[in-house]
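> Submitted below is the structure of interest, expressed as structure tokens.
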Amino acid sequence: MLFLNRGYKSFAIAIILLGAVSDFFDGYIARKYNAVTKLGTLLDPLADKIFSNFVLWGIWFNTQNATLFALASLLTVRDLSLLVGSVFVLKTKVKVSLQPMFISKVCTTFVFSYILLYLVCNPMNKVISLMGVTSMILTVITATLYAIRYFRNTRNLSQT
């Protein structure tokens, strides 16, 4: 978030909004026009995770806000764990669904909403603080659900 560091807050907000809107529409358009590919199914969530982590860490480096640090840390640990698990699944050819869950989309929406509200409003606002805490809780929930689904599926496959 070099733009924040140089005082271009409006430009940074526009880039984040553009990223969030394009994230929504690329999947919608791919499904609507039956243009979903395996590569796209793998790369789209990876790009989303890289983008959201980059934005959170970029804002944190400019603000040193404790809530942002906690959220960025949780998301980074969750996303690195998902990446390692995905690589393991691909290498071992274990058939585990890598499709995102609805709650992960809700989590992403909360994270981007929190980021935008944080940049636009007073970060000490109670609503913004609540969004940050909610985003952290959703991050923990999604990480836990992914882990449970992954271990359940791999255990079931190893028993067959």
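> Rounded to whole Å and ordered largest first, report the semi-axes of the equivalent ellipsoid of the chain derived from its Cα gyration tensor (root of 5λ).
Calculated on Cα positions only, the semi-axes equal 30, 19, 13 Å.
> Continuing with the same structure: In degrees between 0 and 90, to the nearest 10, how far off the longest principal axis of the chain does helix 9-32 point, with axes built from Cα atoms?
Relative to the chain, helix 9-32 is tipped by roughly 30 degrees.
> Let me ask you something else. Which whole-Hz ³J(HN,Hα) couplings does the stretch 70-78 yield from phi under the Karplus relation 6.51 cos²θ - 1.76 cosθ + 1.60, θ = phi - 60°, glycine and proline marked x?
5, 5, 4, 5, 4, 5, 5, 5, 4
> Calculate how steeply helix 102-120 sits against the longest principal axis of the alpha-carbon atoms of the chain, using the helix alpha-carbon long axis, and give the answer as 0 to 90 degrees to the nearest 10.
Once rounded, one gets 10 degrees.
> Assuming 0.36 nm per residue, please report the length gained on full extension of the stretch F61 to F25 beyond their Cα-Cα distance.
Length gained between F61 and F25: 10.0 nm.
> With a sphere of radius 15 Å drawn around the Cβ of S73, what net charge do the other residues whose Cβ falls strictly inside it have (Lys, Arg +1; Asp, Glu -1)?
Residues close to S73 contribute a combined charge of +1.
The numbers here are math on the coordinates, done by the rules we state, and not lab data. All values reported here derive from a predicted model rather than from experimental measurement. Virtual Cβ from ideal backbone geometry, glycine too; neighbours counted across all protein chains shown.
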